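The values are calculated or read from the model by the stated rules, or taken from the named source; none is laboratory data. No experiment lies behind these values; they were computed from the predicted model shown. Every residue, glycine among them, receives a Cβ derived from its backbone with ideal geometry; neighbour counts consider all protein chains shown.
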Amino acid sequence: MPKPTTQFVCSQCGYTSPKWLGRCPDCGTFNTMVEEAVAPALPAKNRTARPALSRPIPLSKVEKENYSRVSSGISELDVVLGGGIVKGSLVLVGGDPGVGKSTLLTQVAAHLGKSHKVLYLSAEESCSQVKLRCDRLGLDSDNLLLLNETCIENAEEHFYDAEYVIVDSIQAVYTETLTSSAGSVGQVRECAGKLMRIAKSRGITFFIIGHVTKEGSLAGPKVLEHIMDAVLYFEGERTESCYKILRAVKNRFGSVQEVGVFEMTGEGLAAVTDYSTLFLSDSRGIAAGAVVTPSETGNRCMMVEIQTLMAKTAYGLPRRMSLGVDLNRLIVLVAVLEKRCGIPLGNQDIYLNAMGGIKLGEPSSELAICAALASAEKGIPVEKYTAVFGEVGLTGEVRGVNVADKRVNECLKRGFKRVILPAKNMKACEKFRDKIELVPVSYVTQMIKEIF
Ligand SMILES: Nc1ncnc2c1ncn2[C@@H]1O[C@H](COP(=O)(O)OP(=O)(O)OP(=O)(O)O)[C@@H](O)[C@H]1O
Ligand SMILES: [Mg+2]
């Protein structure tokens with residue numbers, strides 16, 4: 001009987017089994033068995049032959065490699081990458097379906113194609129589909145080669161002729177060494193490992209597109225993050241009117257503090273450089289439930305409007321829906337308002353939205369969410385040029401946040417007249433006292449009194 005060439009390994013505890021199992025018999029977790037290739041055993045006579053011994057080198061003697069950076073042709077992407085593309089690096093671009101990953105990298109490929117050899121490995125779309133996109137984007141280049149192939153071994157020899165390779169997407173390519181279908185965790189990991197070895201040995205730069213699954217784990221880019229040099233996430237809603245934010249979650253050659261903002265247009269993705277009114281609406285100050293908060297996204301402070309809507313629950317449990325803010329955070333804040341401020345929300349359906357498709361991950365937006373909820377419940381609009389920021393504790397206290405002075409400065413720059421901020425941050429913001437009205441608060445109840 002031929003020896004099996006693959007085995008299944010539990011990604012939680014390392015238990016191995018010759019066949020796939022739904023539940024790991026060792027640690028008891030479900031759905032964690034991942035297929036892996038079994039390395040063939042070396043013949044006995046080779047087993048003693050070790051690879052050439054490597055020696056430690058003193059730090060001062062280590063030769064510095066010249067990490068020259070090449071512009072991607074898109075200023076915002078260069079910023080996120082830490083100043084440009086580093087030769088021989090592996091960059092993963094993850095994002096929801098339809099957010100514009102292929103569009104972004106087609107634009108990059110066409111730009112690089114002006115002076116370098118670029119290969120676009122399209123495993124998801126046919127060459128004519130890519131051509132159609134290029135036509136829409138007004139791109140053309142003889143140095144840009146398209147390859148429609150899903151087997152990574154077949155594509156491999158073409159990689160060696162190129163300086164830049166774009167793999168669209170890692171979930172659609174497969175390696176022959178594994179029997180599992182393309183897109184499975186084992187396949188994704190094995191293919192990415194192969195690309196990494198090529199990148200490091202040949203100095204070829206790879207851009208890899210990955211799809212994010214709901215949990216971000218199964219066959220998603222999460223399993224790849226540790227072998228990549230840079231991991232970028234492309235966030236945003238699928239609709240064209242929304243802004244898309246490119247964020248680095250890992251970067252071996254630069255900071256992860258930067259973000260890039262894009263807008264999808266008929267001619268492709270355009271970098272947005274004016275942030276002042278992106279995430280604000282015209283109904284501020286007129287409609288109840290809208291409050292603006294200065295949010296620190298990446299290294300940039302942006303004014304973001306939070307909108308809430310309430311409707312009486314018709315039957316059963318009240319609904320809570322949230323776009324751009326974690327739902328659990330909304331539920332906690334609703335509980336704080338009910339219990340600590342006596343605002344009855346138990347019979348209201350609550351809908352919350354952060355304008356422009358931005359995601360507010362920071363706790364500093366919590367006080368603004370409370371303000372928006374209180375405003376919606378009372379039906380009183382919040383004054384147009386008032387901004388609110390601060391973290392809210394379960395006891396109803398308002399806690400200080402980071403970079404408070406930067407936030408107040410942004411409010412000032414954008415023409416806001418009044419800022420409600422945590423009392424603990426007041427000291428850092430003293431210098432703005434005569435330019436803008438600062439209202440320090442220590443409790444949510446105090447904020448509610450101040451805002452109306
Ligand atoms: N003519 C057009 N004008 C404006 N926007 C367009 C046009 N055609 C396509 N789009 C936008 O481009 C998006 C698709 O972009 P793209 O194919 O780059 O996404 P993707 O992230 O690669 O998706 P997938 O996950 O399917 O590969 C669409 O969601 C649409 O918003
Ligand atoms: Mg695509």
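Points to keep in mind about this one:
- Conditions (1) more than 28 Å from the chain's Cα centre (by Cα); (2) within 16 Å of ligand 2 (Cβ to nearest atom); (3) hydrophobic (A, V, I, L, M, F, W, C); number of the one not met by L104: (1)
- Residue count for the range 222-256, restricted to those that are more than 16 Å from ligand 1 (Cβ to nearest atom), surrounded by 22 or more Cβ atoms within 10 Å (Cβ to Cβ) and modelled with pLDDT under 85: 1
- Test: residue in the range 110-124 that is within 14 Å of ligand 2 (Cβ to nearest atom), of a type in the set (G, A, S) and part of a loop (DSSP other than H, G, I, E, B): yes
- D135 vs. criteria among the charged types (D, E, K, R), in a helix (DSSP H, G or I) and either surrounded by fewer than 18 Cβ atoms within 10 Å (Cβ to Cβ) or within 12 Å of ligand 2 (Cβ to nearest atom) (or both): yes
- Look at (1) hydrophobic (A, V, I, L, M, F, W, C); (2) part of a helix (DSSP H, G or I); (3) within 16 Å of ligand 1 (Cβ to nearest atom) and you find that A155 fails only one, number (3).
- Some residue of the range 163-180 being over 30 Å from T32 (Cβ atoms) and either hydrophobic (A, V, I, L, M, F, W, C) or loosely packed, with under 15 Cβ neighbours inside 10 Å (or both): yes
- Residues within the range 90-109 that are within 15 Å of V165 (Cβ to Cβ) and within 13 Å of ligand 1 (Cβ to nearest atom), tallied: 6
- Positions within the range 316-350 being assigned to a loop (DSSP other than H, G, I, E, B) and β-branched (V, I, T), in sequence order: V325, I343
- Matching entry among T150, T106 (being touching a residue at least 12 places away in the same chain (Cβ under 8 Å), among the hydroxyl-bearing types (S, T, Y) and surrounded by fewer than 21 Cβ atoms within 10 Å (Cβ to Cβ)): T150
For (1) in contact (Cβ under 8 Å) with a residue 60 or more places away in the chain; (2) aliphatic (A, V, I, L, M), each residue gets a yes or a no:
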site	(1), (2)
E391	no, no
D405	no, no
P422	no, no
N425	no, no
A428	no, yes
K449	no, no
F452	yes, no
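- When residues in the range 139-164 are screened for being aliphatic (A, V, I, L, M) and either modelled with pLDDT of 95 or more or away from ligand 2 (no atom under 16 Å from the Cβ) (or both), 5 of them pass.
- Residue in the range 58-88 that is farthest from the chain's Cα centre (by Cα), counting only those that are modelled with pLDDT under 85 and of a type in the set (D, E): E63
- Taking the criterion of being among the polar types (S, T, N, Q), more than 26 Å from Y275 (Cα to Cα) and touching a helix residue (DSSP H, G or I) at 6+ places or on another chain (Cβ under 7 Å), the residues of the range 405-452 that qualify are S442, T445.
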